[in-house]
Amino acid sequence: MTKKTAHQIDAEAAGWAARIDRGPLELPEEQVFHAWLHQDARCAGAYARMRALALTTERARALGPDFDPAAFAPAPFMARRTVLRVGGALAAAGLIAVTGTWAALRHRGRFSTGKGETKVIALKDGSVVTLNTASEIQVNYSDTLRSVELIGGEALFDVAKNKVRPFVVAAGDTSVRVVGTSFTVRHLDATPVQVLVREGIVEVFKPATGAVPVRITANNMAVASFDSDSTIAATPVPAAQVHRQLAWQNGQLAFEGETLAQAVQEFSRYSDTKIVVDDPALSREEIAGLFNATDPVGFAQTIAISLNAHARIGEGEVRLTR
């Protein structure tokens, strides 16, 4: 048999990605698909790239159609990421700096990221999970259920449609059930579980309580209470804010009206370099801008200029004072 070229494999992978995006495969098609995956060691990686590339293209408007470049000019001290092109298929894949990695075509296993790192995981059903910084998931698919546990951190789930095989994410005592949609789940220490829906509809519930699930639609956020009751509060989120909250896919953090203290807390998730603010009044100042998530020093220097403060760089920290 003549060995296929990389171009041929990429073309076939794109065809399978498009087919699976339209809905679950029938058994004969699934058998052909799995046979194709195993006929060449390059097929699995090619399919993962094409599937994630399609999802990244859909998410390319990371800051929304009403994003104002003037209001969110990149910080002057922000380091620019180098975008690697691998055969043209990985352009703008949304990985943080050069620390983002891939895991392809899995139906079970544990995946994690370090601080300042992301990972794109392409699952065998066509779904794609993007892990944010310092996050961990456990994937366990069965014939009737697609189950993922978010052990900690934050993840974006782009779920392939399959009405007979629900996709369920468990995060602590809270679960999210979907058929096919796009949403994030944030499960951090000492904070309520947050579910942000970008597309489609999800059901958020606490299995132990037996309460009726709360349906959350696009551009809404659900927050699950800490206590043992079934309280799940849903609030609308402007589309532009949804896109800003997904800026981490591109290695960036976007702020509009958050306090400096809130921004400092968010930066602490991405880097071991601490930002210390000595002045309580300075901590309460509101900020706006688009910043490199793994560059706390550049952020602090930019904020110092805009807030008439001083940034002093020390060992393992940058201190903001007035």
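The values are calculated or read from the model by the stated rules, or taken from the named source; none is laboratory data. Remember, predicted model here, so these are calculated numbers, not experimental data. For neighbour counting, all protein chains shown are included, and Cβ atoms are generated from backbone atoms with ideal geometry for every residue, glycine included. With ligands, DNA and RNA removed, areas are computed over all heavy atoms of the protein, side chains included. Shrake-Rupley method; radii C 1.70, N 1.55, O 1.52, S 1.80 Å.
Would you confirm, using the coordinates I've provided, whether residue 170 is in a strand (DSSP E or B), of a type outside the set (Val, Ile, Thr) and either in contact with an Asp or Glu (Cβ under 9 Å, 6 or more places away or on another chain) or at positive phi (or both)? Break it down into steps so the answer makes sense when it comes.
Working: in a strand (DSSP E or B): yes; of a type outside the set (Val, Ile, Thr): yes; either in contact with an Asp or Glu (Cβ under 9 Å, 6 or more places away or on another chain) or at positive phi (or both): yes.
Spelling it out, residue 170 is indeed in a strand (DSSP E or B), of a type outside the set (Val, Ile, Thr) and either in contact with an Asp or Glu (Cβ under 9 Å, 6 or more places away or on another chain) or at positive phi (or both).
Does region 189-199 hold any residues that are under 18 Å from residue 157 (Cβ atoms) and open to solvent by 40 Å² or more (accessible area, probe 1.4 Å), and which are they? Outline the logic, then answer.
Step one: filter region 189-199 for residues under 18 Å from residue 157 (Cβ atoms), giving 193-199.
Across region 189-199, the qualifying residues are 194, 199.
Condition first: modelled with pLDDT of 95 or more and either of a type in the set (Ser, Thr, Tyr) or surrounded by 23 or more Cβ atoms within 10 Å (Cβ to Cβ) (or both). Now tell me which residues in region 158-173 satisfy that.
Correct list: 167, 169, 171.
Take region 282-314 and flag every residue that is part of a helix (DSSP H, G or I), open to solvent by less than 20 Å² (accessible area, probe 1.4 Å) and over 21 Å from residue 247 (Cα atoms).
282, 304, listed by residue number.
Which count do you get for residues in region 22-31 that are surrounded by 13 or more Cβ atoms within 10 Å (Cβ to Cβ) and either touching a Lys or Arg at 6+ places or on another chain (Cβ under 8 Å) or of a type in the set (A, V, I, L, M) (or both)?
As a first pass, look at region 22-31 and keep what is surrounded by 13 or more Cβ atoms within 10 Å (Cβ to Cβ): 23-25, 29-30.
Now narrow it down to the ones that are either touching a Lys or Arg at 6+ places or on another chain (Cβ under 8 Å) or of a type in the set (A, V, I, L, M) (or both): 23-25, 29.
The number of residues fulfilling the criteria is 4.
Run down 185, 176, 202, 223 and say which single residue is assigned to a strand (DSSP E or B) and in contact with a Ser or Thr (Cβ under 7 Å, 6 or more places away or on another chain). Break it down into steps so the answer makes sense when it comes.
Details: 185 fails: in contact with a Ser or Thr (Cβ under 7 Å, 6 or more places away or on another chain); 176 fails: in contact with a Ser or Thr (Cβ under 7 Å, 6 or more places away or on another chain); 223 fails: in contact with a Ser or Thr (Cβ under 7 Å, 6 or more places away or on another chain).
From the options 185, 176, 202, 223, the qualifying one is 202.
Among residues belonging to region 111-125 that are out of contact with any Pro (no Cβ under 8 Å at 6 or more places or on another chain), part of a loop (DSSP other than H, G, I, E, B) and open to solvent by 10 Å² or more (accessible area, probe 1.4 Å), point out the one that is farthest from residue 270 (Cα to Cα). Lay out the reasoning, then the answer.
So in region 111-125, the residues out of contact with any Pro (no Cβ under 8 Å at 6 or more places or on another chain) come out as 111-124.
Those still in the list that are part of a loop (DSSP other than H, G, I, E, B) too: 113-118, 124.
Filter once more, keeping what is open to solvent by 10 Å² or more (accessible area, probe 1.4 Å): 113-115, 117, 124.
Details: 113: 11, 114: 9, 115: 5, 117: 8, 124: 29 Å.
For region 111-125, the residue satisfying everything is 124.
Which one is modelled with the highest pLDDT, of the residues in region 245-281 that are more than 22 Å from residue 305 (Cβ to Cβ), open to solvent by less than 50 Å² (accessible area, probe 1.4 Å) and in a helix (DSSP H, G or I)?
Looking at the filtered set, the residue picked out is 248.
Only residues that are more than 15 Å from residue 207 (Cα to Cα), of a type in the set (A, V, I, L, M) and more than 13 Å from the chain's Cα centre (by Cα): list them for region 149-177, please.
Scanning region 149-177 gives 151, 160, 164.
When the residues of region 200-220 are narrowed to those that are more than 14 Å from residue 181 (Cβ to Cβ) and either among the polar types (S, T, N, Q) or in contact with a Pro (Cβ under 8 Å, 6 or more places away or on another chain) (or both), which ends up most open to solvent (accessible area, probe 1.4 Å)?
Checked region 200-220; the qualifying residue most open to solvent (accessible area, probe 1.4 Å) is 209.
Can you tell me which residue is farthest from residue 266 (Cα to Cα) among those in region 126-143 that are at pLDDT 95 or above and among the hydroxyl-bearing types (Ser, Thr, Tyr)?
Filtering first and then ranking leaves 135.
So which residues in region 130-145 are crowded, with 24+ Cβ neighbours inside 10 Å and of a type outside the set (S, T, N, Q)?
Hits for region 130-145 are 131, 137.
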